[in-house]
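Working notes, structure below.
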Amino acid sequence: MPLYHNEDQAMLAETASQFMVEEGAINKQLRHWRDRDCKDGFGHGLWKQMAELGFTGILVSEDDGGLGMGHVEAGIVLEEIGRNLTPSPFLTSSVLAATALGGANDELRGRYLPGLVSGDSVFAVAIDEGAKHRPERIACKAEKSGNGFKLSGKKDFVVQGASADMIVVAARTSGSDADADGVTLFAVPKDAAGMNHDAVRLVDSSMATHTTFDNVELDGDSVIGEVDGGREVLNKLLMAGRVGSAAEGVGVARGAMDMTVDYLKQRKQFGKLIGEFQALQHRAAHLYSEVEIARAVTIKAAQLLDAGSENADLMASVAKAKVARAAGLAVKEGVQMHGGIGMTDEYDIGLYMKRDRALQEFLGDAYYHANRVAELSGY
Amino acid sequence: MSDLETFREETRAWLEANCPPEMRQPVRDEDDIYWGGRNASFKNDAQKTWFEACVAKGYTVPAWPKEYGGAGLTPPQAKVLREEMNAIGARPPLSSFGIWMLGPALLHFGTEGQKQRFLNEIARGEIRWCQGYSEPGSGSDLVSMQTFGEDKGDHWVVNGQKIWTSYADHADWIFCLVRTDKENKYQGITFMLFDMASEGVSTKPIKLISGNSPFCETFFDDVSVPKSYGEDCPGFVGEINRGWDVAKYLLGHEREMISGADGGSRTAAIGAVMKRHAGELDPLLRAELANFDVDALAYACMGEKFLDEVKVGKAHPAQPNMMKYAGTELNKRRHELMMSAGGSRSLEWDSEETGGGKPARNWLRTKANSIEGGTSEVMLNVISKRILDLPGA
Ligand SMILES: Cc1cc2nc3c(=O)[nH]c(=O)nc-3n(C[C@H](O)[C@H](O)[C@H](O)COP(=O)(O)OP(=O)(O)OC[C@H]3O[C@@H](n4cnc5c(N)ncnc54)[C@H](O)[C@@H]3O)c2cc1C
Ligand SMILES: Cc1cc2nc3c(=O)[nH]c(=O)nc-3n(C[C@H](O)[C@H](O)[C@H](O)COP(=O)(O)OP(=O)(O)OC[C@H]3O[C@@H](n4cnc5c(N)ncnc54)[C@H](O)[C@@H]3O)c2cc1C
């Protein structure tokens, strides 16, 4: 398979690009909701519009009412989301939760997927327990109780946790914290008694929760995949989420870079356009090269994931780490090359810096994933 | 099975039958590389067998048309062959500036007669070419070059000096930039082809910091270069005085080659190998190796994407400059890390254990990667100007 978008994918990219530029633009969405102190951090109207275009169900199988497309296609939408900093539950709902639900029984799929596809529902995923992404350790406990389970413990930084109609929770059903086995995934509905959200606004104006579970009763049907064998689905959704957030990061990087390169062609100092100074040209050219490479590995990782390749796990971490570095460079150079104006809230470049910071942390930062690359490679 | 899958099966079987095990080992010594040419000799039978099998199949230049010595593979087929060769670590059967540089330029600008003659010679490894671009006063600013060809009707008389001419002392022929109009900077250069055995051509090897001397000063003293080598076979490529277009086109291919975009060892991860050699890795070195591996594996994807896009005309025409910049900087980093992981052992200059100082010599050689074929700074200038469209670049 060639490593560029085919015709259908190029068409999707055009549709997504046009839509995000028109409807998902920074002024219309990110600033709009932020300045109103919105408790969701995104607009439900836009989510419905994304559903009308089919985006919400891009990874949902056709049998379940979705488009049955792959991670390359999801990545295309995410890249445009990233470029425009469009706040939406796409990553958590349409990538993470959709991947989890893809491995669920008919009952659960029938209960949740129609709402996802129609844009009426929003889902979240609760994995992390602490400030860093460490999915190898799961302490949150679900104990057998009758035909079902009782869930207790705490999850941190559940993105969109408070607005979610259902949260996919990774909990321990046997063994000790760091065991690979003994993890089970549960679909926990919004109104479950004993679930409490402590909502926090993050630097990029997105909303997350610290969520506690106090003997939350779950019926046996709410198990996604196998009891004690949840790692399999968990790994799948992590891979999908890593590649997806890498794709969004590529969009953030490109958005910040384009804006900066444009600025270099407008701003004059010393009687010249600042883009004439070689000190800036070389840094811009280096940045271009890093962003291109980050984009290539992200598309490759998505292709491998779609092909079910063994190499997908490794390359998902490579992509996540590479994008974190490249996008980090794009926003840092972006703010610096804008000079004083780059530090103002009125100017958009700072918003790219904030989103990048949150995305870098999401599902593991560059340190975590570079370390993972080393471990998977045997050193 | 799709046609491409069938082709993959066939290719795998063909490689299995024709690529000797010795030719699946990484290239270690300069003489592991077969360059061809009038005076070439094979290091061993395996090298010869592999080379001859490839010539017969058109696989020294798989994507060139059959009538010019290639196998006429389509872009997807060529990719499959590359993947299958990389998978078994097969060495290139033939390396040459003819394949990497002159060939592509002739395919684009050459006359039918030139293609018939020169491309077939290249594909069969009969003639080894060298590149006469740089001069003592003209490196990055190549277009300022002065070597002059005086028009004598049916031939030119060429005088001047080139420098850094790789393998000039081993080459049979040279493709050479010669000024034929002193008034016209860009449109006053002719891209000439001539025999290094011509009277008046002399070379003087230059020793590199690695201790090897793969390049030379090349002097032209009243060298007579014919305007024609027979019917439809001019002694220059493109038009007279328009050699700069050919030179730039060729540089794109040279940069693509130096970038290592086609995968293989230059883009591979190294952490695991370093760990095996070193036993224990300092934690900070391990971290740097991990960061390097991320960059190397990502760059390998960029190489694949770039080549895929080139094949269908989707790549930005200046993209080889980006590839060269990123690929060569990466390769320098690779060797810095290999030196660190190797410790004092890798400082040995001529010991047997190090194969005559391989680690140190290779490390030093990589420093040229970001100079030869256009420096990193020049690559960044080109990206600024042609891709980012920055002012005054
Ligand atoms: C938080 C903050 C507080 C400040 N407080 C004060 C204050 O109290 N009083 C006051 O007077 N000012 C203040 N400033 C302004 C500050 O001094 C300017 O922002 C600074 O001098 C840069 O100028 P500029 O913003 O116009 O950027 P520009 O000069 O437009 O620079 C834009 C980019 O171009 C680069 N650039 C410009 N020229 C060249 C060149 N020749 N070669 C290479 N690169 C070049 C710059 O490095 C920068 O990356 C403040 C700024 C900030 C951010
Ligand atoms: C191993 C090796 C093999 C080679 N093989 C060949 C060959 O076969 N045939 C051939 O013709 N040539 C060959 N070369 C020559 C090579 O192409 C030149 O060395 C190269 O183009 C740089 O030119 P220079 O050495 O004159 O350096 P200079 O152009 O003098 O550069 C010196 C420094 O200044 C920087 N610089 C120059 N201009 C600018 C600018 N505008 N902006 C910013 N920085 C700038 C450069 O990046 C460099 O760091 C070879 C070189 C090496 C090292």
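Readers should treat all values here as calculations from the given coordinates under stated rules, not as data from a laboratory. These figures come from a predicted structure and were not determined experimentally. As a convention, Cβ positions derive from the backbone with ideal geometry for all residues, glycine included, and neighbour counts pool all protein chains shown.
When the charge dipole of the protein assembly as shown is built from unit charges on Cβ atoms (+1 for Lys and Arg, -1 for Asp and Glu) and taken about the Cα centre, the candidate among B:PRO359, B:PHE236, A:GLN303 whose Cα reaches farthest toward its positive end is B:PRO359.
B:SER166 to B:ARG276: extension gain in nm, 0.36 nm per residue of separation minus the Cα-Cα distance? Present the calculation step by step, with values, prior to reporting the outcome.
Values: separation 110, 0.36 × 110 = 39.60 nm, distance 3.51 nm.
Contour length minus the Cα-Cα distance gives 36.1 nm.
Ranking A:VAL331, A:VAL318, A:VAL243 by Cα position along the charge dipole of the stretch A:232-376, where only Lys, Arg, Asp and Glu carry charges on their C-beta atoms, puts A:VAL331 farthest toward the positive end. A Gaussian network model of chain A, with springs between Cα atoms under 10 Å, assigns the largest mean-square fluctuation among A:ASP64, A:ASP40, A:ASP106 to A:ASP106.
Given Cα positions, please report Rg to Rh for chain A, the hydrodynamic radius being the Kirkwood one. Don't skip to the answer; put the middle values down first.
Numbers: Rg = 20.6 Å, Rh = 21.0 Å.
Answer for chain A: 0.98.
List the GluC sites (Glu not before Pro) within the stretch B:242-325 that fall in a DSSP loop (any state other than H, G, I, E or B) and whose Cβ has at most 14 other Cβ atoms within 10 Å. Before the final figure, lay out each step's value.
Numbers: sites: B:GLU254, B:GLU256, B:GLU280, B:GLU288, B:GLU304, B:GLU309; in loops: B:GLU280.
Answer in residue order: B:GLU280.
At a Förster radius of 22 Å, what calculated FRET efficiency corresponds to the Cβ-Cβ distance of A:GLU346 and B:ASP389, to the nearest 0.05? Intermediate results must be reported in sequence, preceding the final value.
Working: r = 27 Å, r/R0 = 1.22.
With a Förster radius of 22 Å, E is 0.25.
For the options B:ARG266, B:ARG365, B:ARG117, a Gaussian network treatment of chain B with springs between C-alpha atoms closer than 10 Å singles out B:ARG117 as fluctuating the most. Coupling constants for the stretch B:103-113 follow from the phi torsions by the Karplus curve (6.51 cos²θ - 1.76 cosθ + 1.60, θ = phi - 60°), and in residue order they are x, x, 5, 5, 4, 8, 10, x, 7, 4, x Hz; glycine and proline get x. Remark: spin-label model distance B:GLU52-A:LYS28 equals 7.0 nm, labels positioned 7 Å along the Cα→Cβ axis.
Fewest neighbouring Cβ atoms within 10 Å first, the residues A:TYR288, B:TYR167 line up as B:TYR167, A:TYR288. Computed from point charges on the beta carbon alone (+1 for Lys and Arg, -1 for Asp and Glu), the dipole magnitude for the stretch A:1-139 about its Cα centre is near 680 Debye.
Ordering A:GLY110, A:VAL227, A:VAL158 by the projection of their Cα atoms onto the charge dipole of chain A, which places +1 on the Cβ of Lys and Arg and -1 on the Cβ of Asp and Glu, puts A:VAL158 at the extreme positive end.
Phi angles across the stretch A:162-179 convert, under the Karplus curve 6.51 cos²θ - 1.76 cosθ + 1.60 with θ = phi - 60°, into 3J(HN,Hα) values of 6, 8, 6, 7, 8, 10, 7, 10, 8, 10, 8, 9, 6, x, 10, 2, 9, 5 Hz, Gly and Pro given as x. In angstrom, the C-alpha Rg and Dmax of the stretch B:3-95 are 13.0, 41. Legend: mean number of C-beta atoms from other chains within 10 angstrom of residue C-beta atoms, peptide A:2-8, equals 4. Sorted from greatest to least, the principal axis extents spanned by the alpha carbons of chain B come out as 69, 48, 47 Å.
Model label points for A:ASP221 and A:GLN278, set 7 angstrom from Cα along the Cα-to-Cβ axis, are 7.1 nm apart. The dipole here belongs to the protein assembly as shown: it is taken about the Cα centre, uses +1 on the Cβ of Lys and Arg and -1 on the Cβ of Asp and Glu, and is about 1640 debye. Taking B:THR328, B:THR165, B:THR74 as the candidate residues, the one with maximal mean-square fluctuation in a Gaussian network model of chain B, Cα springs under 10 Å, is B:THR74. Taking 7 Å steps out from each Cα toward its Cβ at A:ARG134 and B:LEU284 produces label points 2.5 nm apart. Of the two radii for the stretch B:69-114, the radius of gyration is 1.04 times the Kirkwood radius, both from the alpha carbons; that is the Rg over Rh value. Charge tally around B:SER376: other residues with Cβ under 10 Å, Lys/Arg +1 each, Asp/Glu -1 each, net 0. For the stretch A:125-228, a simple Cβ point-charge model (Lys and Arg +1, Asp and Glu -1, everything else neutral) yields a dipole of about 280 debye relative to the Cα centre.
Chain A: longest stretch without exposed trypsin sites (Lys or Arg not before Pro) (DSSP loop, at most 11 other Cβ within 10 Å), sites themselves excluded? Result, exposed sites excluded: A:40-379.
Checking the cross-link pairs B:LYS182/B:LYS227; A:LYS354/B:LYS332; B:LYS162/B:LYS182; A:LYS236/A:LYS300; B:LYS115/B:LYS185 against a 22 Å limit on the alpha carbon distance flags A:LYS354/B:LYS332; B:LYS115/B:LYS185 as lying beyond it.
Shape analysis of the stretch B:129-242 yields a ratio of the Cα radius of gyration to the Kirkwood radius, Rg/Rh, of 0.97.
Peptide B:282-295 has a mean shielding of 5, counted as Cβ atoms of other protein chains within 10 Å of each residue's Cβ.
Counting only other chains, what is the mean number of Cβ atoms within 10 angstrom of the Cβ of each residue in peptide A:273-285? Don't jump to the answer; show the numbers that get you there.
Values: counts 3, 2, 7, 5, 4, 7, 0, 2, 10, 9, 2, 7, 16.
Per residue, the average neighbour count from other chains is 6.
Binning the C-alpha pair distances of the protein assembly as shown at 10 Å intervals from 0 yields a P(r) profile of 3, 12, 21, 22, 18, 13, 7, 3, 1, 0, 0 %, listed from the shortest bin outward.
How long are the three semi-axes of the equivalent ellipsoid for the stretch B:259-387, computed from the Cα gyration tensor as the root of 5 times each eigenvalue, in whole Å, largest first?
Values: eigenvalues 181, 55, 30 Å².
Semi-axes, largest first: 30, 17, 12 Å.
Near the amide H of A:VAL125, within less than 5 Å, lie the amide hydrogens of A:VAL159, A:VAL168, all on another chain or at least 5 residues away, with H placed in the peptide plane. Close amide-amide hydrogen proximity is noted between B:CYS216 and B:TRP164, B:THR165, B:SER166, B:TYR167, B:ALA168, B:ILE206, each under 5 Å apart and 5 or more residues distant or on a separate chain (H modeled in the peptide plane; Pro and chain starts excluded).
Need one number: the % of Cα-Cα pairs in the stretch A:125-228 sitting beyond the 25 Å mark. Before the final figure, lay out each step's value.
Working: 755 of 5356 pairs.
Percent of Cα pairs beyond 25 Å in the stretch A:125-228: 14.
If we count GluC sites (Glu not before Pro) as exposed when they sit in a DSSP loop and have at most 12 other beta carbons within 10 Å, what is the longest stretch of chain A that avoids them all? Show your work: numbers first, answer last.
Details: sites that count: A:GLU136, A:GLU310, A:GLU346.
Result, exposed sites excluded: A:137-309.
Can you compute the helix-only [θ] at 222 nm over the protein assembly as shown? Use -39500 (n - 2.57) per DSSP H run of at least 4 residues, normalise by all residues, nearest 500 deg cm²/dmol. Don't skip to the end; give the middle numbers.
Working: 22 runs with 325 residues, N = 772.
When only DSSP H runs of four or more count, the value is -13500 deg cm²/dmol.
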